Structures are given as structure tokens and as C-alpha cells.
Amino acid sequence: MRQIWKSFRALYFASLMMLIGSGLLSTYLGLRLAADHVDSLWVGALMAANYFGLVLGGKIGHRLIARVGHIRAYAACAGIVGAAVLGHGLIDWLPAWLFLRVIVGLGMMCQYMVIESWLNEQAEAKQRGLVFSGYMIASYLGLVLGQLILVLHPALGLELLMLVALCFALCLVPVALTRRIHPAPLHPAPMEPRFFIKRVPQSLSTVLGAGLIVGSFYGLAPLYASQQGLSTEQVGLFMGSCIFAGLVVQWPLGWLSDRYDRALLIRCFALCLAVAALPLAIMTEVPLEVLFIAGFLCSLVQFCLYPLAVAFSNDHVEGDRRVSLTAMLLVTYGVGASIGPLVAGVLMKLFGSHMLYAFFSFFALVLVWRIRPKAVTNLHVVDDAPLHHVAMPDSMSSSPLVACLDPRVDEQVVQDQMQNPIEPQPEPEPEPEVDPSPDDPEDPDAGREQSFTEARP
């Protein structure tokens, strides 16, 4: 691991700086609007705009990289993101902030694509798991450090925006000075919505629910904590502890995922989330100790849903479709993360801040109802299932190209799709019919569709 860290430290440092800036910016905007007594609807809309930019960035980022190359695209997007961050300090008009958040999300998605494609280009097949783990650690660590900056600098002045812009300026340095080989051109990843909706409906439901919950958490949890009477330093500690919970739970989660039925685990974790969020959903005024403990416990389980859904879906999809699957999962997550902060923001505006965790509890119960563990027939289980669980970075800090680093995706498939355009495959031969049910997906009958989400397969 030490050799891996040394080989890729420049790209890890770039990721760390990006996530420090991104994490700090999200919390700063929430606290800034709370201090100005702005409706929670606007706070949710800002986070939704950020995720909309991330989803949109796949298409635009691919075209930009294809036109000017990886380094120039990365440098241009880092400069644009830094300028958009400073724009928040120059303009106080909230609709303009929505536009700026879209620009930030769009630019960061392009940066993720460059870094992940570069990591994959340089990682040997046997190193991909360790390289992936290092990338995940850098991502989570950046998000945590971004929150802890508020502890050291609690004043909500323009200095914090300047610090965010500074992080995006520093993330330019290791990429601009790298001596590594330029990554290969990117090809679009096909997305097969009809196929995946029929094959892995429970996984897509879980990913959508995770997007609704985690997207709302990043956007509105700082506002919730502020309305509970926490100071800026305490809000930073609260957010930092919650995000840190997402990091520490990944390895125990992998141990459980490799030994127990993953659908059952998704249902159990969703039920645990519904129960853990209940005290914060019911109490309008929460003691500080209860707030930190309950918030930490909620984060332990809410950050388990997406990795479990990814592992569960990979168990039921053939190897040559796993790059496309990652694109489908990330778009589904982005849709949920765009809708969740808006809906939760409206609820908080109408009924109070505690509705944020009531929102979490409700959708966790929806997942408990939706996910129905049962024996899946061999018709829907691939030969290499169950696959080894891999700790996943937060979807806020990755692009569809993260599939190229996932050791569960066959290296030869990745290389073939990188070098050759994707061609539609013939429809599969009809298979024996099975008794259809909401939790037992049918055999797919749809061809491949080209999506606006781009990946470097």
C-alpha cells in the first residue's frame, strides 16, 4: 500500500484538495443561508443544482476532454470552478448562486473523469483494488477535513470562499506537473435503462433511495444543525463526525457483505436507519449529546446503502455490462440526489428542521418495503457471483469512470471498450419463463441505448 500511495500521491493529493474545497463549500453555503434566515428550500435547491451539474458534466466533460486533452480540460475546469466559487462572494442574488452551483458540479465531474482515467491508465491489473482504496480514502478524508476547517475558522466571511478557491487552485499543481503518460481517449459508456430496470430493480431502488437521503444530508444537515442551536464550530464537528462514520463503516461492511445475503443486509440497514433517525425526527429540540450520537449512527447506516446496492447489482449482471451498470447506477443516484434536497427543503420549510430526519426515516422504510430478500434463480445470477465486496467512494466524489478502477470489472473488458467503439449487441435468446414478481426481475429483452452519461470504459 505504501508503494501504491507513493506512485499515485500526486493524483491522490489533487483529489484531496478537490474534496476539501467541495465539502467546505457545501457546508459554508448552508450555514451562510441559515445565518441570513433564508428558506431551507433555497438550501436544498443549491445542493440539487450541484448534483444536476455533476450528472450533466459527464456529457460535456467527455466532449471537452476529447477536444483539448486531459490536462488542458482539467486545468480549464479547475479554473472555472475556482471562478464560480469566488462568484458566490461577488453576487448575493440566489438564482445566480443556483447557476454557479451547476457550474461547480459540471466542472468537478470533468475533473473526476480526468483523475480516474489517469489512475486506471497507470494502475496494473493486480493493483486496481489498492489504487481504488487509496482513492476512496483520499475522497472521504477530503470531505472530513473540509468540515474541520469550520472548527478552526468559524467566521462565515469571504475568507472561507477564498480558501475553497485556494483548494481548487492547488489541485491544479500535481496534474499540471505530472510526468506520467497521457491517458487514452475516452469512449461513451452505453446505458441500458430497460435492461437494468428489469434485471436489477431492487438495486436501482436502493441507489435512488441512497441518492435521496445522502444528497439531502450533504445539502441540509448543516442547516438542520444550525437550527438546533449549534455554533459554526459545532456544525463543522457534527458534519465531520458524520462523514467520518461513512469512512470507518466501509471495511466492516465489506466483511458482512461477503458473508451474508446482500439484499437482506440492505433491508436490515434501511430498517436500522429508520430507527436511528426516529429520535431526531420526533424531537424538535435535541440535546447536543443525542444529536451527535444519533447523527453518527444514522451516517453509519446511510453510507452503507450505495456500496451494498453496487455489490448486489454486480452479482446479477454479466462482466461485459458492468461498465454500463456503473453509469446507470451513478445517473440514478444523481437523479435521487437532485430531487431529495428539494423535497426535504420544502418539508423543513413547512414543518420544521426535524423533518429532515423524518424524510430519512420515511424513505428508509420505503426501502424496507421495496427490498424483499428471496432465493434468486440461476437465471439472474452470473457465473462469478457473489463478487467480492469493494468499498466505494461517496458518489458525490466519483464519475462513471470509477468502474475502470473497480477490481470486480474484468480488465480485458475495460481495455476492449476503451479502444473500440461500443456496438449494439443482438437481443438475447428467450429464456425459460419464471414467475414474475416485483422483487424477482424478469429476463431482459431490450437492446442497448446510448446515454448522455459518459464513461471511459
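The values are calculated or read from the model by the stated rules, or taken from the named source; none is laboratory data. Because the structure is predicted, anything quoted here is derived from the model rather than measured. Reconstructed Cβ throughout: ideal geometry from the backbone, glycine too, with neighbour counts over all protein chains shown.
Can you confirm whether segment 86-99 contains a residue that is among the hydrophobic types (A, V, I, L, M, F, W, C) and surrounded by 24 or more Cβ atoms within 10 Å (Cβ to Cβ)? Scanning segment 86-99, I find no residue that is among the hydrophobic types (A, V, I, L, M, F, W, C) and surrounded by 24 or more Cβ atoms within 10 Å (Cβ to Cβ), so the answer is no. A single entry from Ile115, Ile103, Ile65, Ile60 fulfils the requirement of being among the hydrophobic types (A, V, I, L, M, F, W, C), in a helix (DSSP H, G or I) and at pLDDT 95 or above: Ile103. Taking first residues from segment 190-204 that are in a strand (DSSP E or B) and partners that are surrounded by fewer than 24 Cβ atoms within 10 Å (Cβ to Cβ), the Cβ contacts under 9 Å between residues at least 6 apart in sequence or on separate chains come to Met191/Val331; Met191/Arg448; Met191/Glu449; Met191/Gln450; Met191/Ser451; Met191/Phe452. The selection criterion, being outside any helix (DSSP H, G or I) and under 28 Å from Leu25 (Cβ atoms), does not hold for Leu237. Kindly indicate whether Leu64 is in contact (Cβ under 8 Å) with a residue 12 or more places away in the chain, in contact with a helix residue (DSSP H, G or I) (Cβ under 9 Å, 6 or more places away or on another chain) and either crowded, with 23+ Cβ neighbours inside 10 Å or small (Gly, Ala, Ser) (or both). For Leu64, the condition - in contact (Cβ under 8 Å) with a residue 12 or more places away in the chain, in contact with a helix residue (DSSP H, G or I) (Cβ under 9 Å, 6 or more places away or on another chain) and either crowded, with 23+ Cβ neighbours inside 10 Å or small (Gly, Ala, Ser) (or both) - is not met. For segment 303-339, taking the residues that are over 22 Å from Phe217 (Cβ atoms) and among the small types (Gly, Ala, Ser), the one that is modelled with the highest pLDDT is identified as Ser313. Determine if segment 158-169 includes at least one residue that is out of contact with any His (no Cβ under 9 Å at 6 or more places or on another chain), crowded, with 24+ Cβ neighbours inside 10 Å and either at pLDDT below 90 or part of a loop (DSSP other than H, G, I, E, B) (or both). No - not one qualifying residue is present in segment 158-169.
For segment 218-234, a tally of residues being over 17 Å from Lys349 (Cα atoms), of a type in the set (S, T, N, Q) and not in a loop (DSSP other than H, G, I, E, B) returns 2. Does Leu143 count as touching a helix residue (DSSP H, G or I) at 6+ places or on another chain (Cβ under 9 Å) and under 26 Å from Ala76 (Cβ atoms)? For Leu143, the condition - touching a helix residue (DSSP H, G or I) at 6+ places or on another chain (Cβ under 9 Å) and under 26 Å from Ala76 (Cβ atoms) - is met. What about Leu31, is it more than 10 Å from Gly146 (Cβ to Cβ) and either modelled with pLDDT of 90 or more or among the charged types (D, E, K, R) (or both)? Yes; evaluated as a whole, the condition is true for this residue.
Residues are listed down the side, and each one gets a yes or a no for (1) crowded, with 18+ Cβ neighbours inside 10 Å; (2) part of a helix (DSSP H, G or I); (3) of a type in the set (Gly, Ala, Ser):
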residue	(1), (2), (3)
Leu264	no, yes, no
Phe269	yes, yes, no
Ala274	yes, yes, yes
Thr284	no, no, no
Val290	no, yes, no
Val301	yes, yes, no
Pro307	yes, yes, no
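When we screen Val346, Val366 for residues that are in contact (Cβ under 8 Å) with a residue 12 or more places away in the chain, under 21 Å from Val301 (Cα atoms) and assigned to a helix (DSSP H, G or I), the only hit is Val366.
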